[in-house]
Amino acid sequence: MATAIKPGESYGFFTDTSICIGCKACEVACKEWNQLQGDEPKFLADSYDNTGQLDDQNWRHVKFIDEVPAQSVDSGNGKAWLMMSDVCKHCKHASCMEVCPTGAIIRTEFDTVFIQQDVCNGCRNCVAACPYSVIAINAATGTAHKCTLCYDRLQGGLQPACAKACPTQSITFGPLAELQQAADVRLAALHSQGVAQAQLYGRDDTVYGGLNAFFLLMDKPETYGLPNAANAGLPSRNNVGGYLAALVTAVLGVFAGVVAFRRRTES
Amino acid sequence: MYLAAEHFVRAPQWTWYILGYFFFAGLCGGCYALATLLRLVGDPRDEPAARLGFYASFAALIFCPILLTADLGASWSKFWHMLIDVTPGDTGLSFKYWSPMSVGAWALFILGLFVTVSALEAYWLDRRKSAQPLGGVAGRAFNIVGGVLALFFASYTGVLLSVSNQPVWSDTWMLGALFLASGLSGSAALMALLTRYRPDSVFTLDRILEAEAYFSILELVVLVLFFITIIAAGTAGRTLPMFLLWLIALAGIAASLVAARGHLRLLPGGRSAVIARATTNVLAVAIPVLVGVLALRAAVIFSAQ
């Protein structure tokens, strides 16, 4: 994106998984810019994925999904093999931000979700809340880490490292409205080519009020380990019910205590 | 379509420190609430047992901030960020009524003051061998406010688990209720246990055991509701590996109910006989109940992780 990056505007990623080739340039660029050491190297024997998951050291993670049932269009077209560069979704209604007790998780001037490292005290409430398993605790700092959408680069007028490095433009960065437009065009093109399974995830407000980092998927969200709209609930949905049940129990408990402790006439 | 809630969330690794905290939070809140009730609706002869409750509440309180701070790991020195938002340019008190962890941090802080004052009062009264609690109506009001806070404190930890996107925890509304009922039951067990170290509180022992039985019934009902809700959500299978812990929790409830049967049958008899009978039973009730309180929390905490 050649346009200048201005505070006050909404920015995000559009990750088009239909053209991801699984090269992991995004993972490398992210680690290099953000000075992430990465986890201990390991062999997961799971497709080409040896990263495993998003965590405090992996802020981009290319998922390889090869457990998809064969759906060959014609003979010679093998079974589907899906790749997706996963990242923090920078949700409009962010579960992590909702529960954070310290105010460490904020929405920046670029409308992204950012964890202030000097404010975070490592309580891990955001880890329990994030429905995408994005956030993890860095043992060395004792704070929660995740994708910053390259907050420092944005402040310097640069696009995030992963988008810059992506060789197929599967990852594009830009003003949210422009990305959404581009995604609609791409989806229409795929549908017109008969790729009926292509769908956008997080483009509209059905999951967490809309995602600043949204996706074009080649299967249903669950296949990629993403909650569908029916399962995308904010943690606070359980506040009223939880407290109400506790209140009823408290009233019954006090009543039981009164019955047991009340003054009695000696028999 | 999926009947069950689907979860792709990572576990927060709230383990042993948090288990300990949940245990002591239940006892701290429960003991304060029971002590307040004894003072308000009980006989003047229940006052020694009430003081016992205030002491027990204070003892349990001490562990709470220590365990919570230790749980923060390398960030332990930033524990006070729970109360004060240090965001540059936006510094101030941090309070989010919709985040149970935020509310709970404030509850611990404020209840801590109430518990400490009440324990000091009990100590002061014991030293002066005074039977009458301090402060008259104001003193009672203080206890009532503290008691309400205590009931909140004993229950919010369960709500905190539910206000997440974790399997089991976020699939039910019953965790706050469950922790409260078991916290009250555990507190009654603890107070019953402690009466042996304070002869003048033995008068209240059979009442504490009676309350203990009621709380155990309450806990059993809530436990059934808890299982119904997670079965409906389709995540009950995740708690199956915890069945030994659930059994221990159930054994605590059973011990309390079995003892209550024998105990209540004896009530019409001579008072000394009742007390003698109850005294021999206290260990057999209190220990399984307290172990059950711990096991119940462990079962809940480790079901999601």
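Every number in this text was worked out from the coordinates using simple rules, so none of it is lab data. Quick caveat: nothing in here was measured; it's all calculated off a predicted structure. All Cβ positions, even for glycine, are placed from backbone atoms using ideal geometry, and neighbour counts span all protein chains on display.
Taking the convex hull of the Cα atoms, report for chain A its projected area averaged over all directions, in nm². Present the calculation step by step, with values, prior to reporting the outcome.
On the way: hull surface 83.4 nm².
With every direction weighted equally, the projected area is 20.9 nm².
What span do the alpha-carbon atoms of the protein assembly as shown cover on each of the three principal axes, reported in whole Å from largest to smallest?
Each principal axis gives a Cα extent; for the protein assembly as shown these are 90, 54, 38 Å.
Using all alpha carbons of region B:1-90, what is the percent of pairwise distances in each 10 Å bin, ordered from the shortest bin to the longest?
Result returned by the calculation: 15, 27, 24, 20, 12, 2, 0.
With 10 angstrom as the radius, rank B:TRP14, A:TRP33, B:TRP76, A:TRP59 by how many other C-beta atoms surround their C-beta, starting from the fewest. If you can, show how the numbers build up before the last one.
On the way: B:TRP14 24, A:TRP33 19, B:TRP76 14, A:TRP59 27.
Arranged by neighbour count, lowest to highest, B:TRP14, A:TRP33, B:TRP76, A:TRP59 become B:TRP76, A:TRP33, B:TRP14, A:TRP59.
Using only atoms on other chains, find how many Cβ atoms lie within 10 Å of each Cβ of peptide B:199-211 and report the average. The partial results should precede the final answer.
Working: counts 0, 0, 0, 0, 0, 2, 0, 1, 6, 3, 1, 5, 7.
That average works out to 2.
Across the residues of B:93-103, average count of Cβ atoms on other protein chains within 10 Å? Numbers along the way, then the final one.
Numbers: counts 1, 6, 2, 7, 2, 7, 11, 9, 8, 7, 3.
Mean number of neighbouring Cβ atoms from other chains: 6.
Where the centroid of each part is defined by its Cα atoms, how far is region B:155-187 from region B:202-266 in Å?
15 Å
Can you pull the Kirkwood radius for region B:91-195, inverse mean 1/r over Cα pairs, to one decimal in Å? Please report the intermediate quantities before stating the final value.
On the way: mean 1/r = 0.0632 Å⁻¹.
For region B:91-195, inverting the mean 1/r across all distinct Cα pairs yields 15.8 Å.
Return the calculated 222 nm mean residue ellipticity for the protein assembly as shown, to the nearest 500 deg cm²/dmol, obtained by summing -39500 (n - 2.57) across DSSP H runs with n ≥ 4 and dividing by the residue count.
-17000 deg cm²/dmol
Kindly rank A:231-244, A:194-207 from highest to lowest mean number of other beta carbons found within 10 Å of each residue. If you can, show how the numbers build up before the last one.
Details: A:231-244: 19.4, A:194-207: 16.9.
So the peptides A:231-244, A:194-207, ranked by packing, come out A:231-244, A:194-207.
Per 5 Å bin from zero, what fraction in whole % of the C-alpha pairs of region B:190-249 is there, up to the bin with the longest pair?
Once binned at 5 Å, the Cα pair distances of region B:190-249 give 4, 15, 17, 16, 12, 10, 10, 8, 5, 2, 0.
Provide the net charge surrounding A:ALA144, with neighbours chosen by a C-beta distance below 15 Å and charges set as Lys +1, Arg +1, Asp -1, Glu -1.
Details: positive: A:ARG124, A:LYS146, B:ARG10, B:LYS78; negative: A:ASP55, A:ASP56, A:GLU98, A:ASP118, B:ASP71.
Spelling it out: positives minus negatives among the neighbours equals -1.
Sort chain B into rounded, prolate or oblate with this rule: let a ≥ b ≥ c be the square roots of the eigenvalues of the Cα gyration tensor; rounded if a/c is under 1.5, and if a/c is not under 1.5, prolate when a/b is larger than b/c, oblate otherwise. Don't jump to the answer; show the numbers that get you there.
Details: a/c = 2.36, a/b = 1.26, b/c = 1.87.
It comes out oblate by the Cα gyration axes.
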